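Below is one structure, written out as structure tokens, with a few remarks after it.
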Amino acid sequence: MRGSGCRWRKCTFCDYHLDFSVDKEANYALNSQALEKVTGCYGKLEVINSGSFCELDERTVEKICETCVKNDIGELHVEFHWLYRSQIPFYRACFAKKNVTLKVKMGVETFDAAYREKRLKKGIDTKEPMEIAAYADEICLLFGLGGQTKQSMQRDVLIGLRYFERVCINIMVENSTAVKPDKAVIQVFQEELYEVYADDPRVDILMENTDFGVGDRWERRGDKDGDYDAK
Ligand code: SF4
């Protein structure tokens, strides 16, 4: 899906926020095309936009709801940034009226709050996983960054599994930001942690950010000038 754009836009490692349009009609047309392809074969749907779910236009949100009802989809997974946390109950209630359970995913990246806020500028102003879990059902973690270790990554996964239903591990890939993947850290993850969590049904591991079958890598598109419009 494409929305009006991430309101936060400060995460140092991210260029997804360049994928947006202020043209609601164009966004709705694009999003509708994608929604027409939904079959409901899993009974669950994950909506990904480069930002937060509430940054999608109203008609798209309505169409997502209709698509769930039409295809017997009882579980909808969506993303919200921490700054929108007060809006989450509203969206949960709206979808619940149609018998759709909203599962909220939040990009936490790491539970090391100092690292997260000083180096990644994530914009989550609590150190407490339990406080985040009051809003989010699932989290994303970002591994493969300088300074991370086997112990720090394992700690993040264990906290994630203790407080949340699911953990999605994203391995840092090269993009147009100054934050670069740390190959040595990625190797540690691959050799010492990948096997531990690869078969865990509560853990997703994305070695590439396109592993969910969404988007395109920026360097493959020869698009290194920041005009990145696909996630
Ligand atoms: S990671 Fe998410 S919240 Fe952070 S700037 Fe990118 S799109 Fe926005």
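The values are calculated or read from the model by the stated rules, or taken from the named source; none is laboratory data. Since we're looking at a predicted model, the values are computed, not measured. Note that each Cβ is placed from the backbone with ideal geometry, even for glycine, and that neighbours are counted across all protein chains shown.
Values as computed for the structure displayed
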read-out: Selection within region 32-56 - over 18 Å from ASP19 (Cα atoms) and small (Gly, Ala, Ser); value: GLY40, GLY43
read-out: Region 99-125 - residue that is loosely packed, with under 14 Cβ neighbours inside 10 Å and over 19 Å from the mean Cα position of the chain (by Cα) and, of those, nearest to CYS6 (Cα to Cα); value: LYS118
read-out: Neighbours by Cβ (under 8 Å, 6+ apart or cross-chain): first from region 2-28, of a type in the set (Asp, Glu); second near the ligand (Cβ under 7 Å from one of its atoms); value: ASP19/SER50
read-out: Count - residues of region 172-231 that are among the aromatic types (Phe, Trp, Tyr) and modelled with pLDDT of 80 or more; value: 3
read-out: Residue list for region 93-109, restricted to those being more than 13 Å from the ligand (Cβ to nearest atom) and either in a strand (DSSP E or B) or within 17 Å of LEU141 (Cβ to Cβ) (or both); value: THR101, LEU102, LYS103, VAL104
read-out: Residue tally, condition among the β-branched types (Val, Ile, Thr), in contact with a helix residue (DSSP H, G or I) (Cβ under 8 Å, 6 or more places away or on another chain) and within 16 Å of the ligand (Cβ to nearest atom), over region 52-91; value: 1
read-out: Selection from region 68-93 of residues that are more than 29 Å from ASP125 (Cβ to Cβ) and among the aliphatic types (A, V, I, L, M); value: VAL69, ILE73
read-out: Pairs with Cβ under 6 Å, 6+ apart, first in region 133-147 and assigned to a loop (DSSP other than H, G, I, E, B), second β-branched (Val, Ile, Thr); value: TYR135/ILE88; ALA136/VAL104; ASP137/VAL104; GLY144/ILE171; GLY144/VAL185; GLY144/ILE186
read-out: Filter result for ILE73 (of a type in the set (Val, Ile, Thr) and either in a helix (DSSP H, G or I) or under 19 Å from the mean Cα position of the chain (by Cα) (or both)); value: no
read-out: Test: GLY5 is surrounded by 15 or more Cβ atoms within 10 Å (Cβ to Cβ) and modelled with pLDDT of 95 or more; value: yes
read-out: Candidates ASN31, ASN49 - the one that is within 16 Å of the ligand (Cβ to nearest atom), of a type outside the set (Lys, Arg) and either closer than 28 Å to GLY123 by Cβ or in contact with a Ser or Thr (Cβ under 7 Å, 6 or more places away or on another chain) (or both); value: ASN49
read-out: Residue match in region 6-22 (condition: more than 9 Å from the ligand (Cβ to nearest atom) and among the acidic types (Asp, Glu)); value: no
read-out: Any chance VAL157 is among the aliphatic types (A, V, I, L, M) and assigned to a loop (DSSP other than H, G, I, E, B); value: no
